[in-house]
Structures are given as C-alpha cells and as structure tokens.
Amino acid sequence: MGLDNYASTSPDLDLTDEDLKAFEAADIHLGQGPDGFRGKLYQELISNIAGVSLYDDWIPPEVVRQMWVALERCDPEEVTKDIKVYKDSNSPFAVGELRKFFRVCVERNLGLVSSW
C-alpha cells in the first residue's frame, strides 16, 4: 500500500468544481491527478523542508500554508541533494511542482487528506 495525499475542503474529501479547475489550470505534474500526489514519494522531502508528516489523516489549511511557505523559501538544489529514496521524485523539479500544488491549496484555503 502507498500513501496518497489529496487537497480537500475538509477531512471528507470534497472539492468544488472551481477548486478542480484551479488545479487543472496550474498544470501540476506530480503523477496523481491535478488535486493529489503520491505522498510516499515526497514524505522525506516534505518532512525535511516543512517538518510535517504527510501520514497525518488531515492536515488543515493553516498547516498547508506553513508548508507552502517553507517550500517557497527553500533552495531546491540544496534540499534534494542528499535524498536517496525515490530520487526521481525528490528532484528540484519536484520541489517546483509541489510549490504549485501547495500554492493552489493556499489560494483556495484547502487542507490535505491522506489515503492508503
């Protein structure tokens, strides 16, 4: 089993049509559809950058905002250089894609739910 994380308005996994359109417009490439990503692939990266576990059942919007700020402030080359697990997913490119994903979450006041 793997960990998937999805943007949500609440722990119950609802998004509006407008939320989905915002993700689609952002052209995010994380491999799990526009409103989610494979959390197992990015857990180490997110934990190192933001100090948050993607394994939490519900990550509220205010924590998602802190995660986005941490992603925006980090140096993608520096934070990815020592990550060995899932190396292709933890590249500087992935940091940029995660920034886009979390920016949409912040703009839409969304949290994250975990599914495994």
request  = Quick one: order C74, C105 by neighbouring beta-carbon count within 10 Å, fewest to most.
outcome  = C74, C105
request  = At 7 Å along the Cα-to-beta-carbon direction for both Q32 and E107, put a label point, then send me their distance in nm to one decimal.
outcome  = 2.1
ask   = Separation between the E77 and A25 pseudo-spin-labels, each 7 Å from Cα along Cα→Cβ, expressed in nm?
value = 3.3
Reachable aspartates and glutamates, given that their alpha-carbon falls under 16 Å from the alpha-carbon of K100 and they are not under 8 places away in the same chain = D19, E24, D27, D35, E72, D75
message = Using Cβ counts within 10 Å as a stand-in for footprinting exposure, how do K100, K84 rank, fewest first?
response = K84, K100
ask   = Mind checking which aspartates and glutamates have their C-alpha under 14 Å from K40, skipping anything on the same chain fewer than 8 residues away?
value = D4, D56, D57, D88
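Rounded to the nearest whole Å³, what is the per residue volume of the convex hull around the Cα atoms of the range 65-116?
Residue-normalised Cα hull volume stands at 85 Å³.
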ask   = Stretched out fully, how many nm does the piece from Q66 to L13 gain, at 0.36 nm a residue minus the Cα gap?
value = 17.0 nm
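Read-outs: derived from the displayed coordinates by stated rules, not from any lab. No experiment lies behind these values; they were computed from the predicted model shown. Positions of Cβ are backbone-derived with ideal geometry, glycine not excepted, and every protein chain shown enters the neighbour counts.
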